[in-house]
Structures are given as C-alpha cells and as structure tokens.
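Working notes for the structure below.
Nothing in this text is a laboratory measurement; each read-out follows from the coordinates by a stated rule. Note that this is a predicted model, so its numbers are computed, not measured. Cβ atoms come from the backbone with ideal geometry, glycine included; neighbour counts cover every protein chain shown.
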Amino acid sequence: MGATRRTLLTCAGAAAAGGLAGAHGATAAPGSATPAADPIALGPATEIPVGGGKVYSAAMVVVTQPAAGEFKAFTSTCTHWGCQVSAVEDDQIICRCHGSRFSATDGSVVLGPATLPLGPVAVTVEDGQLTLG
C-alpha cells in the first residue's frame, strides 16, 4: 500500500521541525550540532565495537569507533528526510528510510539520497564511560 497523504504530511512536518530545531542553534558552527546544555552520560565505551557504532535514540546521537580508542559522535537524524539512522555496519552509518549511508569516521555522505553530512557532536571517554557534551 502506498504512502497516505497523512503519512507524507507527518514526515514533512517532522523534517520541518528538525530544520527549525537546527536553525534554533544558530550560534553553532555550520555543519555542527548544537552542543547539549549539560553533559549526557551514554554508558560504557565497550558497547561501541571497533569499525561499528551504536545509535542512542533518546539522546538523538550515533557514536562510532572507526579505530581502536577513537570515538566519534554525530546527530542521528538523517539529513534527507529527518528519519533516525538505524545502524552502523561496515564503517557506515545507515538510514533505512531511504537508503542513505554516512561515513562512520566523519559523517560525510557515502550514498544518497542525502546530500548533507551528519552533524558532529562532542563525545568524551572518561573512566571507560562515554559522555556527550
């Protein structure tokens, strides 16, 4: 069954809301995510496999580990239509909504339809725990 008008309008509204949220953080550098007001504890760094990653839906970020001990974080909202990315496989962040893929190293677009990269987010590891902000 094809998409209904309600589904299309809901998706368009979600994408617009994401754009407005991004516009709200106008003091952030272009292409970067708005920093969190307070640090957010994500959990053990051991949950992030080398060459893979994990999507933290509640925090709206995806954390990757491109090389041992090197952690990167990006917004988890796909830049195509605002869907949440769903997985990290083979050093790529994957959005299953429309097939976009992003580099787990720098968030750049590997495969469209997305044309803009995922925004970087500050992540630190202290005492084996990942923290945003």
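Can you put VAL88, VAL61, VAL55 in order, fewest other beta carbons within 10 Å first?
VAL55, VAL88, VAL61
Counting only residues 5 or more places away or on other chains, whose amide H sits under 5 Å from the amide H of LEU42 once H atoms are built in the peptide plane?
Long-range HN contacts for LEU42: LEU130, THR131, LEU132.
Rank the residues THR77, THR124, THR115 as a footprinting-exposure proxy: fewest other Cβ atoms within 10 Å of their Cβ go first.
THR115, THR124, THR77
Provide LYS54, LYS72 in ascending order of the number of other Cβ atoms located within 10 Å of each residue's Cβ, fewest first.
So the residues, fewest neighbours to most, are LYS54, LYS72.
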